[in-house]
Amino acid sequence: MASSRAPALYSTELLALAIELADYPFDTAAPAIGHARSRSCGSVIDLSSSGGSLENLGLRVSACAVGQASAAIFARESSGMDAAAIAAMVENLGEWLQDQAPSSILPRLELLEPARPHLGRHEAILLPWRAALDALSNTEAAR
C-alpha cells in the first residue's frame, strides 16, 4: 500500500538552516535597520545592513522554524541586492507561494516546499525580504 503522506513540515534539513543565522549578527549601529512582523504568527525579524544595498547583513530572528529557515536562505542569497531586486524577489516568492513559480527561483527554496500549502506560514517565509525592504527604505540615501 503506497503512502499518501505529505512531506514533513519540519524536516531535518529545514531545522538545520537555523544554525546558519549565527553567521549574521545584528548590528544596532548599522546605517540601515529594518523590521518586519508576521500578523499571522507573530514572528519578528530585525535586519541591519551597511547601506543602499544589502551588505554586512545582520539578523535578529524570533520566528518559527519556517521563518528561521527562510531567513537563512535569504541571508545567503540576498547579498548585494538593492531595493528593486528585493521587491522583485518578494513578487516572485508570492507567485511561488501560490504555486505559480518553481522553487528554482531561489537556491534551497525547495526546503520550504512542505510549508507552501500552509497559508499561515506564508508571511514567515516573506518576513526577511520585507525586513530588507524596510531597512533599505530607512537608509540615509533613501531619505
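So, counting K/R as plus one and D/E as minus one, what does the shell of residues with Cβ under 12 Å around E77 add up to? Provide the component values of the computation, followed by the final result.
On the way: positive: R76, R108; negative: E20.
Local net charge: +1.
Classify segment 32-102 as rounded, prolate or oblate from the Cα gyration tensor: take a ≥ b ≥ c as the square roots of its eigenvalues, call it rounded if a/c is under 1.5, otherwise prolate when a/b beats b/c and oblate if not. Before the final figure, lay out the partial values.
Working: a/c = 1.86, a/b = 1.13, b/c = 1.65.
Taking the square roots of the gyration eigenvalues as a ≥ b ≥ c, segment 32-102 is oblate.
Take each uninterrupted DSSP H stretch in the chain, measure its Cα extent along the helix axis, and return the ones at 20 Å or beyond whose mean Kyte-Doolittle hydropathy is at least 1.0. Before the final figure, lay out each step's value.
Details: long enough: 83-97 (21 Å, 1.03); 122-137 (23 Å, 0.56).
Both cut-offs are met by 83-97.
With a 1.4 Å probe and all protein chains left in place, how much accessible area per residue does segment 1-101 have, in Å²?
Details: 5340 Å² over 101 residues.
With the other protein chains kept in place, segment 1-101 gives 53 Å² per residue.
How would segment 75-117 be classified by its alpha-carbon gyration tensor: rounded, prolate or oblate, with rounded meaning a/c under 1.5 and the a/b versus b/c comparison settling the rest? Could the numbers behind the result be given before it?
Working: a/c = 2.64, a/b = 1.52, b/c = 1.74.
Because a/c hits 1.5 or more and a/b fails to exceed b/c, segment 75-117 counts as oblate.
How would you classify segment 60-143 from its alpha-carbon gyration tensor, with a ≥ b ≥ c the square roots of the eigenvalues: rounded for a/c under 1.5, else prolate if a/b is greater than b/c, otherwise oblate? If you can, show how the numbers build up before the last one.
Values: a/c = 1.94, a/b = 1.55, b/c = 1.26.
It is prolate, given that a/c is not under 1.5 and a/b is the larger ratio.
So for the pair N56, D99, with labels modelled 7 Å out along Cα→Cβ, what separation do we get in nm?
4.5
Return the sequence-ordered ³J(HN,Hα) values of segment 15-25 in whole Hz as given by the Karplus equation 6.51 cos²θ - 1.76 cosθ + 1.60 applied to θ = phi - 60°, using x for Gly and Pro.
5, 5, 4, 4, 4, 5, 4, 5, 7, 10, x
At 10 °C and 1.306 mPa s, what whole-number value in µm²/s does Stokes-Einstein give for the translational diffusion of the chain, with Rh from the Kirkwood sum over Cα pairs?
Details: Rh = 15.2 Å.
The Stokes-Einstein estimate is 104 µm²/s.
Ignoring everything except DSSP H segments at least 4 long, calculate the 222 nm mean residue ellipticity for the chain; use -39,500 (n - 2.57) per segment, divide by total residues, nearest 500.
On the way: 4 runs with 50 residues, N = 143.
Here the helix-only value at 222 nm equals -11000 deg cm²/dmol.
The values are calculated or read from the model by the stated rules, or taken from the named source; none is laboratory data. Keep in mind that what you see is a predicted model, and the values were worked out from it rather than measured. Because the Cβ atoms are built from the backbone with ideal geometry, glycine has one as well, and the counts that use them run over all protein chains shown. Remember, those area values only see protein heavy atoms, side chains included, never the ligands or the DNA or RNA. Shrake-Rupley method; radii C 1.70, N 1.55, O 1.52, S 1.80 Å.
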